[in-house]
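The values are calculated or read from the model by the stated rules, or taken from the named source; none is laboratory data. All of these numbers come straight from a predicted model, not from anything done at the bench. FYI the Cβ positions are ideal-geometry reconstructions off the backbone, even for glycines, and counts take in every protein chain you see. Ligands, DNA and RNA are excluded from the accessible area calculation, which covers all protein heavy atoms including side chains. Shrake-Rupley method; radii C 1.70, N 1.55, O 1.52, S 1.80 Å.
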Amino acid sequence: MLADMALELEQDRNPDTILERVSHYARLVLDADDAGVMRTVTRSQIETPAATTPRVDQAHQLQARFDEGPCLDAIEGRATYVTNDVAHDSRWPKWGPAAAELGILSAVGVRLATRDRGYGSLNVYADRKDAFTSADVELAEMLAAHATTAFAAAERAAGLETALDSRTTIAQAQGILMQKFDIDADAAFDFLRRISQHENRRLFTVAEAIVVQRTANARPE
């Protein structure tokens, strides 16, 4: 299963679906009931970009509400936290009982991070006590490592594709301005830059508007 997951993640180039895939694999591999990914905007504001059920986000939001929990700590403290009796774990006296009311009795939180950047935490929940062994925790850490590598690569690829699209659109806008005003490429770029600064809009946004307007005007009645 780990080999299949690694292959799927390597072939996937969508950061969002990568997180969904690893969440489902984590639930299956660890014989758990739920899994998902937590990201922090601030310590009190978190996001759940991937989850096997809505309960995962509920458990995450409780950690933001009480400012404690294994998944939150995995992002900011040690890399891995595990609890096999959430309701009576003294490390999280508020979150644990609240999570138990959701039916969660065991949890594992593992950091998703490269050497240069953190991406959040991979979190796995079970509806029974003593659900996770030390071997399960090692598996969760392996899953997190695979997921982080794949996600970072997909995010870089998406960023390069966006940058390429932006450059193409800006070049198209330059060409339109060069033809319309009989100016060279440098003058056309300077024209775009001045509009961007004057209207406080991104250069790409200005260029895109010019291309869209030209395309609309070129359509036959």
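Determine whether the stretch 80-98 contains at least one residue that is open to solvent by 40 Å² or more (accessible area, probe 1.4 Å) and closer than 26 Å to THR149 by Cα. Scanning the stretch 80-98 turns up at least one residue that is open to solvent by 40 Å² or more (accessible area, probe 1.4 Å) and closer than 26 Å to THR149 by Cα. Quick one: would you say ASP116 is assigned to a helix (DSSP H, G or I) and out of contact with any Ser or Thr (no Cβ under 8 Å at 6 or more places or on another chain)? So ASP116 does not fit the description; no. Residue count for the stretch 78-100 satisfying the condition of being within 25 Å of VAL29 (Cα to Cα) and free of Cβ contacts under 8 Å to residues at least 40 places away in the same chain: 8.
Within the stretch 21-44, residues that are touching a residue at least 40 places away in the same chain (Cβ under 8 Å) reach partners that are in a loop (DSSP other than H, G, I, E, B) and basic (Lys, Arg) with beta carbons closer than 9 Å, at six or more positions or on different chains, in the pairs ASP33/ARG128. Identify, by number, the condition in (1) touching a Gly at 6+ places or on another chain (Cβ under 6 Å); (2) within 28 Å of ALA152 (Cβ to Cβ); (3) open to solvent by less than 40 Å² (accessible area, probe 1.4 Å) that TYR25 doesn't meet. Just one mismatch for TYR25, condition (1). Within the stretch 28-58, the set of residues being polar (S, T, N, Q) and surrounded by fewer than 18 Cβ atoms within 10 Å (Cβ to Cβ) comprises THR42, SER44, GLN45, THR53, GLN58. When the criteria are applied in full, ALA35 meets the requirement of being assigned to a strand (DSSP E or B), modelled with pLDDT of 95 or more and hydrophobic (A, V, I, L, M, F, W, C).
Out of VAL137, VAL108, one residue alone is in a helix (DSSP H, G or I), at pLDDT 80 or above, within 20 Å of VAL56 (Cβ to Cβ) and β-branched (Val, Ile, Thr). It is VAL137.
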